[in-house]
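Reviewing the structure listed below.
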Amino acid sequence: MRRSAEASSSIEVSRLVVAAVVSLFAFFAALAAQSPKADLVIVNGRVYPAGGSRAFHEAVAVVGNRITAVGTTTDIERVRGPETNVIDARGAAVLPGFNDIHTHMLSGGLAMEDVDLQGAQTLGDLQSRIRAFAAAHPDHSWIRGRGWGYGPFGDGLPLRAQLDAAVPDRPAVMRCYDGHSVWVNSKALAAAGITKSTPDPPNGTIVRDPATGDPTGLIKEAPAMALINKAEPTPTAADQRRALKAAIAEGLKFGVTSVTDAAGSIADFQVYDLARQAGELSARVHYSLLVTPGFSEKDADRFDAFWKSHRDTPLLKSGLIKMFLDGVIETNTAYLLAPYANDPSTRGKPNYTAAELDRIVQMLDRRGWQIMVHALGDGAVRMALDSFERAAKVNPAPLRGRRHRLEHIETIDPADVPRFGKLDVIASMHPVGGFFVPQNRPAPPAGSPAPPVGAWAGNLGPERAARGGMWKSISESGGRVVFGSDWPVATLDAIGRIVGIVNRPPRVGGTDQRLTIAAAIDGYTSTAAYASFDDGQKGTIAPGMLADIVVLATDVFSHPPATRADVAVKATILDGKVVYRAAADK
């Protein structure tokens, strides 16, 4: 009897448990039926949430502009309704929208309408492109272009006579790929009033013929380039609006949904704000204002008033300062700890004294501004880190904390690598190359001549060149590393650059800096969101986060990309809306 009673009791408990489970399923089914259906779902994907997550998902649901659920395709299908926009990823990678943390969107957009000089290998090729563009645009009062490198000029530098041969009748100005030099013809020099008696402005150089003192046609660094800029026709508001729209569209086709715009002005900010107000800003922009030597407390008051009157919005925000501490290695204007290998008479010169840098950094840090400092050479890197360290000692931490940044870091002394983690300074790095995979090429025969050394490596010398691109070392020592393009210096192709970071072999004499693909993606998404104080809103695929998402062509985690087509962007989603779709998928 006792066992029979116990058995009956057990059966009754089991029955109640089953009933409870059935009721629970019925409850959730009813809840799902009553809850709003998703506006957008992505199914059958390989969803990487970012932020170091090891848990992949299959599908994502979006209501409005927020992610509401991630899970299996079966899970997400439950919130699909008759009006839901469905994207079938077909097994491909689904990632947070890319966040390019260093761009120049207006100048890049304007340059899209000029002659493209990228990739030219010879002087003849450069001249041919420029000549053809000038002939096709007889109405242009100035002929402008961008993207030339130093290779076509051999051991020399660009000369005005070489550009005169392509454009003899109008001013012509061709910007170097790095944006730190311009090559101009005789008409442009005359229009700007630059002669042998024109003095070099502070931190700028008019390159001159050593025998005659006449300008050769190469102008180095922003203060000197400003002499040319002032003579050029000023872009109209319509030009700027068109350029911004084109620049953002260029980013969206590469899955770039957020950018940091470096070295802007209060006047140019209005172009972005007007686009935002008109509903035409199709990317999230973190906008920085340029600070130059001599910046005063009065200037800072003006910047504070601007920031206060333009509070952060989901699409446009400021609160960021850009400073140029040095130049570039190719022209010996980056600041090094020791002399250049190609010119032992110089190690470059910083644009600020240590005292002036400290004064400005501490003033802006005290006011709560985030500061990004252009520092390419190892001397500039150390000088900037020292200044950030001193600011943290004399100022209380701002309410939102400090997230100061160093930009580029093209060579670094090993002693400074761990300081990024110790000081919580973000390393913002911009590998120039796009898509790259290792090639199985045979080794050159013994005794073959060494490959040519470019200006960058040749100017640094082998030891410092080996310390370029130290993102893995900085990361492993506790620093945060983020990636970007410096567009239009290099392509906005985020996933192509990520594949390059994953595959690029060690530099000669250097250490292996290759990252896993997940770590490289984090540098373009979750850590990049941290760099703009947005890590609570974007940069990961999780419920509650903004629905900025990119769908690739393949699963880059399971199948290492072998061709550019493997990492093509199939769809880009901003604020829950599809803002780019590859032509084949439309």
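May I ask you to say which residue of Asp261, Asp268 is of a type in the set (Asp, Glu) and either under 16 Å from the mean Cα position of the chain (by Cα) or more than 22 Å from Glu407 (Cβ to Cβ) (or both)?
Asp261
May I ask you to list the residues in the range 128-151 that are within 30 Å of the chain's Cα centre (by Cα), surrounded by 18 or more Cβ atoms within 10 Å (Cβ to Cβ) and outside any loop (DSSP other than H, G, I, E, B)?
Arg129, Ile130, Phe133, Ile143, Arg144, Gly145, Arg146, Gly147, Trp148 - these are the residues of the range 128-151 that are within 30 Å of the chain's Cα centre (by Cα), surrounded by 18 or more Cβ atoms within 10 Å (Cβ to Cβ) and outside any loop (DSSP other than H, G, I, E, B).
Applying the selection to the range 197-212, what residues are in contact with a helix residue (DSSP H, G or I) (Cβ under 7 Å, 6 or more places away or on another chain) and among the hydrophobic types (A, V, I, L, M, F, W, C)?
Here is the first cut: in the range 197-212, the ones in contact with a helix residue (DSSP H, G or I) (Cβ under 7 Å, 6 or more places away or on another chain) are 200-206.
Of everything in the range 197-212, just one residue is in contact with a helix residue (DSSP H, G or I) (Cβ under 7 Å, 6 or more places away or on another chain) and among the hydrophobic types (A, V, I, L, M, F, W, C), namely Ile206.
Looking only at the range 532-586, which residues are more than 22 Å from Thr103 (Cβ to Cβ), hydroxyl-bearing (Ser, Thr, Tyr) and crowded, with 20+ Cβ neighbours inside 10 Å?
Passing the criteria: only Thr554.
Restricting to the range 564-580, what's the tally of residues that are assigned to a loop (DSSP other than H, G, I, E, B) and free of Cβ contacts under 8 Å to residues at least 24 places away in the same chain?
The qualifying residues number 1.
Quick test of your reading of the structure: Phe28 fulfils all but one of (1) at pLDDT 95 or above; (2) in the same structural domain as Asp555 (by TED's automatic domain parsing); (3) among the aromatic types (Phe, Trp, Tyr). Name the failing condition by number.
(1)
If Ala490 satisfies every condition in (1) hydrophobic (A, V, I, L, M, F, W, C); (2) in a helix (DSSP H, G or I); (3) surrounded by fewer than 22 Cβ atoms within 10 Å (Cβ to Cβ) but one, which is the exception?
Unmet for Ala490, out of (1) hydrophobic (A, V, I, L, M, F, W, C); (2) in a helix (DSSP H, G or I); (3) surrounded by fewer than 22 Cβ atoms within 10 Å (Cβ to Cβ): (2).
Within the range 214-240, which residues are among the acidic types (Asp, Glu) and more than 19 Å from Ser141 (Cβ to Cβ)?
Asp214, Glu221
Taking the conditions exactly as written (in contact with a strand residue (DSSP E or B) (Cβ under 9 Å, 6 or more places away or on another chain), over 19 Å from Glu58 (Cα atoms), charged (D, E, K, R) and touching a residue at least 24 places away in the same chain (Cβ under 8 Å)), does Lys538 satisfy them or not?
Criteria met by Lys538.
Take the range 252-283 and flag every residue that is part of a strand (DSSP E or B) and among the aliphatic types (A, V, I, L, M).
Val256, Val259, Ala262, Ala263
Identify the residue in the range 352-381 that is crowded, with 16+ Cβ neighbours inside 10 Å and of a type in the set (Asp, Glu) and, among all such residues, is nearest to Met470 (Cα to Cα).
So, considering only residues that are crowded, with 16+ Cβ neighbours inside 10 Å and of a type in the set (Asp, Glu), the one nearest to Met470 (Cα to Cα) is Asp378.
I need the full set of residues from the range 505-532 which are among the small types (Gly, Ala, Ser) and either in contact with a strand residue (DSSP E or B) (Cβ under 9 Å, 6 or more places away or on another chain) or not in a loop (DSSP other than H, G, I, E, B) (or both), in order please.
Scanning the range 505-532 gives Ala518, Ala519, Ala520, Gly523, Ser526, Ala528, Ala529, Ala531, Ser532.
Working carefully through the options Thr333, Thr313, find the one that is assigned to a loop (DSSP other than H, G, I, E, B) and either without any contact (Cβ under 8 Å) to a residue 60 or more places away in the chain or under 22 Å from Gln537 (Cβ atoms) (or both). If you could, list the steps in order and put the result at the bottom.
Details: Thr333 fails: either without any contact (Cβ under 8 Å) to a residue 60 or more places away in the chain or under 22 Å from Gln537 (Cβ atoms) (or both).
The unique qualifying residue is Thr313.
Scan the range 336-366 for residues that are in a loop (DSSP other than H, G, I, E, B), free of Cβ contacts under 8 Å to residues at least 40 places away in the same chain and out of contact with any Lys or Arg (no Cβ under 7 Å at 6 or more places or on another chain) and report the count.
7
Kindly indicate whether Gly479 is buried (at least 20 other Cβ atoms within 10 Å of the Cβ) and either within 19 Å of Val556 (Cβ to Cβ) or touching an Asp or Glu at 6+ places or on another chain (Cβ under 7 Å) (or both).
No, not satisfied.
From Ala283, Ala263, grab the single residue that is within 30 Å of Gly458 (Cα to Cα) and touching a residue at least 12 places away in the same chain (Cβ under 8 Å).
On the way: Ala283 fails: within 30 Å of Gly458 (Cα to Cα).
Answer to the selection: Ala263.
Within the range 398-409, does at least one residue satisfy the condition of being surrounded by fewer than 24 Cβ atoms within 10 Å (Cβ to Cβ), out of contact with any Asp or Glu (no Cβ under 8 Å at 6 or more places or on another chain) and outside any loop (DSSP other than H, G, I, E, B)?
Checked the range 398-409: no residue is surrounded by fewer than 24 Cβ atoms within 10 Å (Cβ to Cβ), out of contact with any Asp or Glu (no Cβ under 8 Å at 6 or more places or on another chain) and outside any loop (DSSP other than H, G, I, E, B).
Select from the range 484-510 the residues that are among the polar types (S, T, N, Q) and either within 25 Å of His286 (Cβ to Cβ) or modelled with pLDDT of 95 or more (or both) and list them in ascending order.
Ser485, Thr491, listed by residue number.
Does the range 448-465 hold any residues that are assigned to a loop (DSSP other than H, G, I, E, B) and at pLDDT 95 or above, and which are they?
Once the filter is applied, which keeps residues that are assigned to a loop (DSSP other than H, G, I, E, B) and at pLDDT 95 or above, the range 448-465 yields only Gly461.
What are the residues in the range 282-321 that are farther than 14 Å from Phe269 by Cα and crowded, with 18+ Cβ neighbours inside 10 Å, if any?
Residues satisfying the conditions are Ser282, Ala283, Val291, Phe295, Ala300.
The values are calculated or read from the model by the stated rules, or taken from the named source; none is laboratory data. Predicted model only: the values in this text are computed from it and were never measured. As a convention, Cβ positions derive from the backbone with ideal geometry for all residues, glycine included, and neighbour counts pool all protein chains shown.
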